[in-house]
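Report on the structure given below.
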Amino acid sequence: MNVREPVTLHRARMLALAGVVTFFALWCLLSYADLVPTVILPSPTEVIRAFPVLHFEEALVRSAGRSLFRVYMGFLLAAVVAIPLGLLMGTFPPVKHFFVPLLDPLRFLPISALVPLFIVWFGIDEMQKIVFLFVGIVVYLLPLVVEAVENVDDVYLQTATTLGATRGQLIRHVLVPGSLPAIGEALRVMNGIGWTYVILAEVVNALVILSIGVVTDWLIRQINQRLFAWNA
């Protein structure tokens, strides 16, 4: 393999499949051969058998539905705030310098430390969980949106300006389209972070959260590939 050697789509899929098969083969070997105690690593058969129990006794579908609602309400609220504000901050440096001292420290704040405070402010209902997820996502999404806008090559701005583009046209036709692929990828990353934080907001089976997170990550990746195929 060479450094950053391009990989064909077919080869990429085969490598991904090989990785998954290797994972399950190793799991089966360790569990069925009793190399690892069942209490630490249950076998695939035991995991599959647990799903009916979770469904009928632990209200799996209803709990998963509530988790989906909480995560994507927080996710959408974070996107509604972070994308417009990030576009402004990335486009106009004075706006960025105004907000940076207020927003940068939040990235270093352990989000889990805010749970007791949010419980005091919002109680233990849905609002508390949604606000917690919103804050946990927005503080990381906003810098990524700003970076996406700032990374649009100045050559495009200079070319558009030479052709007589106004400030509004520069934003609508250069900065926004140029930053959208990176913003789409940032949203995919934040989707994963949202499913990580939901464990702190509620008590849900971790395996179920992993499954939902993987599926939604794949869906967002597919959407990004179709929307921004020109950027591949």
Q: Please give the helix 93-103 orientation as an angle from the longest Cα principal axis of the chain, in degrees from 0 to 90, rounded to the nearest 10.
A: 30 degrees
Q. So how long is each side of the chain along the principal axes, counting just the alpha-carbon atoms, biggest first, in Å?
A. 70, 54, 28
**Q.** Estimated distance in nm for a label pair at Leu29 and Val3, the labels positioned 7 Å out from Cα along Cα-to-Cβ
**A.** 3.3 nm
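Based on the Cβ-Cβ distance from Tyr156 to Val189, what FRET efficiency comes out when R0 is 35 Å, to the nearest 0.05? The partial results should precede the final answer.
Numbers: r = 25 Å, r/R0 = 0.70.
Approximately 0.90, to the nearest 0.05.
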Q | Ile111 accessible area, 1.4 Å probe, all protein chains in place, Å² to nearest 10 | A | 10 Å²
Q.
Once you order the gyration tensor axes a ≥ b ≥ c over the Cα atoms, which shape class does segment 1-122 get: rounded for a/c under 1.5, otherwise prolate or oblate by comparing a/b with b/c?
A. oblate
Q) Quick one: helix 206-227 against the long Cα principal axis of the chain, what's the angle to the nearest 10°, folded into 0 to 90? A) 30 degrees
Q. In sequence order, what are the phi-derived ³J(HN,Hα) couplings for segment 31-37 according to the Karplus relation 6.51 cos²θ - 1.76 cosθ + 1.60 with θ = phi - 60°, rounded to whole Hz, with x for glycine and proline?
A. 7, 6, 8, 6, 6, 10, x
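Can you give the FRET efficiency for Phe98 and Arg172, using 1/(1 + (r/R0)^6), R0 = 25 Å, r = Cβ-Cβ distance, to the nearest 0.05?
Details: r = 23 Å, r/R0 = 0.92.
Efficiency at R0 = 25 Å is approximately 0.60.
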(Q) Can you give me the accessible area per residue for the chain, using a 1.4 Å probe, in Å²? (A) 65 Å²
Q. Relative to the longest principal axis of the chain, what angle (0 to 90°, nearest 10) does the C-alpha long axis of helix 176-201 take?
A. 30 degrees
Q) Share of the chain's accessible area from carbon and sulfur, percent, 1.4 Å? A) 70 percent
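The values are calculated or read from the model by the stated rules, or taken from the named source; none is laboratory data. Not measured: the values here are computed from a predicted model. Don't worry about glycine lacking a Cβ; one is built from the backbone with ideal geometry, like all the others, and counts go over all protein chains shown. Quick note on the areas: whole protein, heavy atoms, side chains included, nothing else; ligands and nucleic acids left out. Shrake-Rupley method; radii C 1.70, N 1.55, O 1.52, S 1.80 Å.
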